[in-house]
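To keep things clear, I will list the structure first and then write my remarks on it.
What follows is calculated from the coordinates using simple rules that are stated; it is not laboratory data. Quick caveat, the model's predicted, so the values are computed rather than measured. All Cβ positions, even for glycine, are placed from backbone atoms using ideal geometry, and neighbour counts span all protein chains on display.
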Amino acid sequence: MNFFIKRQLLQFFFPSRCPVCGKVIGAMDRFCDECSDSLDRYSGSFSVKGASSFTAAFLYNDKVRPAIVLLKDGVCGNADYALGGELADKLKADGLADCIDIIVPAPLHRSSQRKRSFNQAELIAKTIGRELGKPVCSDAVIKQRKTPDQKELNRIMRSMNLKNAFVPLNTGPLRGKRVLLIDDVCTTGSTLAELTSLLLSSGAAEVHCAACCKTPPHRSKKETELS
């Protein structure tokens, strides 16, 4: 069924809601007008080790946090459609849509995906794939080892935490291809860097990284006290 028609039909039974405030919105809308205007678009500069580029749609803060929490809590609630659509628009605007051949979502450990019932990065990747007309390879890499939450660790521990956590599975479709690696939130880039290295060693020609949200640059305690 055509995606547009499907969204319109579902609207009669399960009205779309803004993933930030919960207000009922139109079938093809991403956010309500008020929330859309209030969200901070990402305009910073960031690089992921080994990657050819990094792109983000929003600055991660309390304004966009409710949409991310929906995904983390296994609710979804239009958040994948809204965040993925905005990231796809940013990729087009930055001229990167023509620089990729295939999309790979950051994998979850099977226990986390079972608890959540979906991989939020995969849902976002499928939205982007539909918007850009690019195939999505969800089983290129798997997460074989469950790791502590990255946000609870410092920069050095984050990198060590991910060593050998990911392994290649179905990388045949990636060989010689320009890969777009997708995640929901990027903090230090450790996860994206680890996956980028794995994809390149598995035959990808190059890897471009993208996340719906990028956290603000880390500020030292001294800088925080002075602000």
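Restriction of the trypsin sites (Lys or Arg not before Pro) in segment 19-124 to DSSP coil positions whose beta-carbon has at most 16 other beta-carbons within 10 angstrom yields Lys23, Lys49, Lys63. Quick one: work out the % antiparallel among DSSP beta bridges in the chain, nearest 5. Around 20 percent of the beta bridges assigned by DSSP in the chain are antiparallel ones. As a ratio to 2.2 N^0.38 Å, the alpha-carbon radius of gyration computed for the chain takes the value 1.01. Evaluated over segment 77-140, the count of Lys pairs having alpha-carbon atoms less than 18 Å apart is 5 (only pairs 8 or more residues apart or interchain).
Taking Lys and Arg as +1 and Asp and Glu as -1, the other residues whose beta-carbon sits under 12 Å from that of Leu195 total 0.
Counting neighbouring beta carbons within 10 Å and listing from fewest to most, the residues Val104, Val167 come out as Val167, Val104.
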